[in-house]
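Contents: one structure, followed by commentary.
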Amino acid sequence: MPTDPGKGIDTATLPWEELFFEPIGSPIFIKSLLKDPDTGMEVTLLGYPAGVLNPKHTHPCAHGMYVLQGTLVTHKGHFGPGSFVWFPEGEVMEHGATSAQDVVALFLTNKPFSVDYK
């Protein structure tokens, strides 16, 4: 994670970190931009490769996704670039990419993040 996001972050040169969750069966990718040590709030770039869907799960935090490229597929519908989708704490959800293209979104949480699969 960048040491001082207050000075700006060049996300183009920041490397993607690979994450693997068994229920997804394929890696997803993140670029951590900010984590508040007091609240646990996080700001991350999130990348789903084409065709990857995170199956039914919940989080102990609310979070939002602002779509930067591709189409975000969720249980609420399909959302293209410029769309913002909010997911309340504890909501059972699915999200990922269409089979045609990768999706990249700015991912924001309101407190510490974890995933609980259903």
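Only the coordinates and a few stated rules stand behind these numbers; no lab work does. Because the structure is a prediction, the values reported are computed rather than measured. Glycine also receives a Cβ, built like all others from the backbone with ideal geometry; neighbour counts cover every protein chain displayed.
Quote the relative contact order of the chain in percent (integer), defining contacts as alpha-carbon pairs under 8 Å separated by 6+ residues. Write down the numbers at each step before the final one.
Details: 295 pairs, mean separation 34.7, N = 118.
Relative contact order, the chain: 29 percent.
Report, by chain and number, residues whose modeled amide H sits under 5 Å from the one on LYS111, excluding near sequence neighbours (fewer than 5 apart, same chain).
GLU42, ALA62
Which value in Å is the Kirkwood Rh of the chain over different Cα pairs?
On the way: mean 1/r = 0.0690 Å⁻¹.
Over the chain, the inverse of the mean reciprocal pair distance is 14.5 Å.
Based on Cβ point charges of +1 for Lys and Arg and -1 for Asp and Glu, what charge dipole magnitude is obtained for the range 17-118 about its Cα centre, in debye rounded to the nearest 20? If you can, show how the numbers build up before the last one.
Numbers: 6 positive and 11 negative charges, 44 e Å.
For this selection, approximately 220 debye.
Could you run the Debye sum over the Cα atoms of the range 34-95, one equal point scatterer each and no solvent, and tell me log10 of I(q)/I(0) at q = 0.21, 0.26, 0.30 Å⁻¹, two decimals?
-0.94, -1.29, -1.43
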